[in-house]
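**Q** Supplied in structure tokens, the structure appears directly below.
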Amino acid sequence: DPAALVQALFHLGEMVTATQSVPDETLQVLGSELNYEIEVVSPEDEDRELLESFDIEFGEDTGGEEELVARPPVVTVMGHVDHGKTKLLDALRKTNVVAGEAGGITQKIGAYQVSTEVDDQERKITFIDTPGHEAFTAMRARGAKSTDIAVLVVAADDGVMPQTIEALNIARAAEVPVVVAVNKIDKPGADPSKVRGQLTEYGLVPEEYGGDTMFVNVSAITRDGLDDLLEAIVLTADAALDLRANDSMDSQGISIEGHLETGRGPIATVLVQRGTLRVGDSIVAGPAHGRVRAMINDAGESVKEAPPSMPVQVLGLTAVPGAGDSFLVVSDDRTARQIADRRSARLRAAAQAAGARRKTLDQLFEQLEKGEKQELKLILKGDGSGSVEALEEALSKIDVGDEVALQVIDRGVGGITETNVNLAAAFDAVIIGFNVRAQGKASELADRLGVDVRYYSVIYAAIDEIEAALKGMLKPVY
Ligand code: GDP
């Protein structure tokens, strides 16, 4: 009962209204006051629990030491604007062709792999094809660890700039080792040793000065130093990281890009982090699911398998996952659909809790409270004329005093339609669905118009909620 909660908080010295958000700590205090144990759960925890209920562990290499094989490093290019991140990524992509990999014509899928020879060994490197640290931080914010190494691009003619330092701090916070690409060395005013001196002041000391950071002079235009840069990345990975993954388990990883393509449906580029992804696998990616129908690599070729650190486009999903969404292979299509359904439901609930829907009811109550509005308008929809009548009768008996009035402006049997939603929008009404759901695009329309639709399956729950909300809104009497 919101009114009771408001009162309890009042006694704890917190003045709040029934629709106000309170910090976690206040909730904890309120909980212990009322003898409840409050557990604050993050979306990540919730997802982990969801997967655990299907006996799936995400993000852990399962299997023993002997099942781990070396995997290529995954690299993000960061640095100040105009220092040449995009040009460098383009130039590096072409080393693929130089290395003589099949296909020749590369396709932009959001990430690509190049090969380089280090100590007579063929080594691969995966580049995330989105320059800048925004994508990096966005994925990071969602708990996705996409990057092993950051290449910090600094233009030799411009030197260290604010975003250079910002990118450096982000890489440090993520505990990702940095390789510095001193770019534009072909330019007349280039002063690569100045860049080294500047970054030394920020604690990034070049190897040649006795530090442990590799600096490489490059030109994205003349292609000078590109092979050295690739070698520096491999050497840094070998020295600082133990990049191994189990390649035989069910595949897991992250989605890094996605879009809808006419004729082909949702297309997502995923980066395999563990296991080997195969055509035919049942997969969940964020709230999307499906069976991998085909996979396309960065050379535009169709492939049947993708081992750890390999980016591939996946066809066959039901929807487009977001950048940073995790993906995982599960035992069968049914499990995939169940997990995806649970995730979508949760996303919808979260959006609902945070967004327009609740705000409208809250706003209405707020207006009621302020005396700007004296009535709450309702539209009732139910599964039978008997239940709609019963609901309306029960609602009419709510004693809300003289200050406000409840008015049912429309009622009917059947699902909630777009017409109902439009009417509700026009009159600032709330829609009550009793044992019925929204039909067709009605739910979408309600979201767009900010119409509050509430669903109930028992009459007293509907009555209780409306009564409690109304009373919570009326001026508290102590
Ligand atoms: P970003 O904002 O860091 O992605 O920078 P861009 O890759 O868009 O490059 C900015 C400008 O610098 C463009 O005009 C590039 O052609 C130019 N540029 C990039 N790398 C080099 C280089 O190595 N040498 C020269 N001379 N120009 C470069």
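The values are calculated or read from the model by the stated rules, or taken from the named source; none is laboratory data. Small disclaimer: the values here were computed from a predicted structure and weren't measured. Every residue, glycine among them, receives a Cβ derived from its backbone with ideal geometry; neighbour counts consider all protein chains shown. Quick note on the areas: whole protein, heavy atoms, side chains included, nothing else; ligands and nucleic acids left out. Shrake-Rupley method; radii C 1.70, N 1.55, O 1.52, S 1.80 Å.
**Q** Rank P308, N297, G275 by how far each Cα sits towards the positive end of the charge dipole of the range 268-322 (+1 on Lys, Arg Cβ; -1 on Asp, Glu Cβ) and give me just the farthest.
**A** Going by the charge dipole, the pick is G275.
**Q** Can you give me the % of accessible surface on the range 281-356 that is carbon or sulfur? Probe 1.4 Å, all protein chains present, nothing else counted.
**A** Of all accessible area on the range 281-356, carbon and sulfur atoms account for 52 percent.
**Q** I've got another one for you. Not counting the cut sites, what is the longest span of the chain without GluC sites (Glu not before Pro) that DSSP labels loop and that have at most 11 other Cβ atoms within 10 Å?
**A** Value returned for the longest uninterrupted segment is 176-371.
**Q** About the Cα centre, and with charges only on the beta carbon of Lys, Arg (+1) and Asp, Glu (-1), how big is the dipole of the chain? Nearest 20 debye, please.
**A** With Lys and Arg at +1 and Asp and Glu at -1, about 1620 debye.
**Q** Return, for the Cα atoms of the chain, the radius of gyration and Dmax in Å, separated by a comma.
**A** Cα-based Rg and Dmax for the chain come out at 28.7, 88 Å.
**Q** A further question on this structure: Could you work out how far helix 2-11 tilts from the main Cα principal axis of the chain, as a 0 to 90 degree angle to the nearest 10?
**A** Orientation of helix 2-11: about 80 degrees from the principal axis.
**Q** When all alpha-carbon pairs of the range 402-448 are counted, what percent fall beyond 18 Å?
**A** Taking all Cα-Cα pairs of the range 402-448, the fraction more than 18 Å apart is 28 percent.
**Q** Would you kindly compute the Cα radius of gyration of the range 273-322 and its largest Cα-Cα separation (Dmax), both in Å?
**A** Just the Cα atoms of the range 273-322 yield Rg and Dmax of 10.3, 28 Å.
**Q** Given only helices, namely DSSP H runs of n ≥ 4 each adding -39500 (n - 2.57), what is the per-residue ellipticity at 222 nm of the chain, to the nearest 500 deg cm²/dmol?
**A** The helix contribution divided over the chain gives -11000 deg cm²/dmol.
**Q** Hey, another quick one. Can you work out the FRET efficiency for the pair L449 and H259, with r the C-beta to C-beta distance and R0 = 35 Å, to the nearest 0.05?
**A** 0.80
**Q** How much accessible area per residue does the chain have, counting only protein heavy atoms and a probe of 1.4 Å, in square angstrom?
**A** 49
**Q** Given 0.36 nm per residue, what is the gain on full extension from I409 to E166 after removing their alpha carbon distance, in nm?
**A** Separation in residues times 0.36 nm, less the Cα-Cα distance, equals 81.9 nm.
**Q** Just to confirm my numbers, what's the Cα centroid distance between the range 1-73 and the range 251-267 in Å?
**A** If you average the Cα positions of each part, the centres end up 30 Å apart.
**Q** Between A294 and R348, what is 0.36 nm times their sequence separation minus the Cα-Cα distance? Round to one decimal in nm.
**A** Full extension of this stretch gives 16.5 nm more.
**Q** Run the accessible area of the range 149-208 with a 1.4 Å probe and give the carbon-and-sulfur part as a rounded percent.
**A** 48
**Q** Still on this structure: Report the relative contact order of the chain, percent, no decimals, based on alpha-carbon pairs under 8 angstrom and at least 6 residues apart.
**A** 12
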